[in-house]
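Below: one structure, written as structure tokens.
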Amino acid sequence: MGKGESILVVDDIKEQRELAAEMLQQLNYSAACASSGEEAVAYLKEHRADLVVLDMIMDPGMDGLETYRSILEIHPEQRAIIVSGFSETHRVNAAQALGAGAYLRKPYVIEKIGQAVRKELDRKHTAAASAIP
């Protein structure tokens, strides 16, 4: 369960975006949506998100890896989890090497998205807490 943290769901398929946002809201997160990588980057220039749920394959425009790279230029500590309806790829691995957390395979299942989001948010908190002298 969430504690009201803000989550940005980035997915080019409207139904997938809405489903993920609805599940996250049921789990007590505040969810916003972006329909493309470009829209996500523009949103994050004006807003903060505790976590980004980022679809890896989006057409047209930037894919998940390009989007995450652009987001990191704005917010270098931005946490994210990667989602895709396809198998894990080298682009997923590259995003994880940049700092993204779990890879979550679609379709969205409330238990799995809830666990992945909570784990990544807790990882952020733990990392930040351990950095304090």
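Can you tell me how many residues in the stretch 35-58 are surrounded by 14 or more Cβ atoms within 10 Å (Cβ to Cβ), touching a helix residue (DSSP H, G or I) at 6+ places or on another chain (Cβ under 9 Å) and outside any loop (DSSP other than H, G, I, E, B)?
Count: 10.
Under 9 Å by Cβ, and 6 or more places apart or on different chains, what pairs join a residue from the stretch 59-82 that is in contact (Cβ under 8 Å) with a residue 12 or more places away in the chain and in a helix (DSSP H, G or I) with one that is crowded, with 19+ Cβ neighbours inside 10 Å and of a type in the set (Asp, Glu)?
GLY64/ASP55; THR67/ASP55
Among the residues in the stretch 95-110, are any charged (D, E, K, R) and modelled with pLDDT of 95 or more? Quick ask: steps written out before the conclusion?
Start the filter on the stretch 95-110 by keeping residues that are charged (D, E, K, R), which leaves 105-106.
Keeping just the survivors that are modelled with pLDDT of 95 or more gives none.
The answer is no, given that none of the residues of the stretch 95-110 is charged (D, E, K, R) and modelled with pLDDT of 95 or more.
Of the residues that sit in the stretch 87-120 and are β-branched (Val, Ile, Thr) and either touching a residue at least 60 places away in the same chain (Cβ under 8 Å) or closer than 24 Å to GLU73 by Cα (or both), which one is surrounded by the fewest Cβ atoms within 10 Å (Cβ to Cβ)? It would help to see each step written out before you state the result.
Step one: filter the stretch 87-120 for residues β-branched (Val, Ile, Thr), giving 89, 92, 109-110, 113, 117.
Right, trim to either touching a residue at least 60 places away in the same chain (Cβ under 8 Å) or closer than 24 Å to GLU73 by Cα (or both) and you get 89, 92, 110, 113, 117.
Working: THR89: 16, VAL92: 20, ILE110: 14, ILE113: 24, VAL117: 26.
Taking the candidates together, the pick is ILE110.
Hey, can you tell me all the residues within the stretch 59-74 that are closer than 18 Å to LEU98 by Cα and either acidic (Asp, Glu) or buried (at least 20 other Cβ atoms within 10 Å of the Cβ) (or both)? Walk me through it before giving the result.
Going residue by residue through the stretch 59-74, those that are closer than 18 Å to LEU98 by Cα are 62-74.
Residues satisfying the conditions are ASP63, GLY64, LEU65, GLU66, THR67, TYR68, ILE71, GLU73.
The values are calculated or read from the model by the stated rules, or taken from the named source; none is laboratory data. Computed from a predicted structure; not experimentally measured. Reconstructed Cβ throughout: ideal geometry from the backbone, glycine too, with neighbour counts over all protein chains shown.
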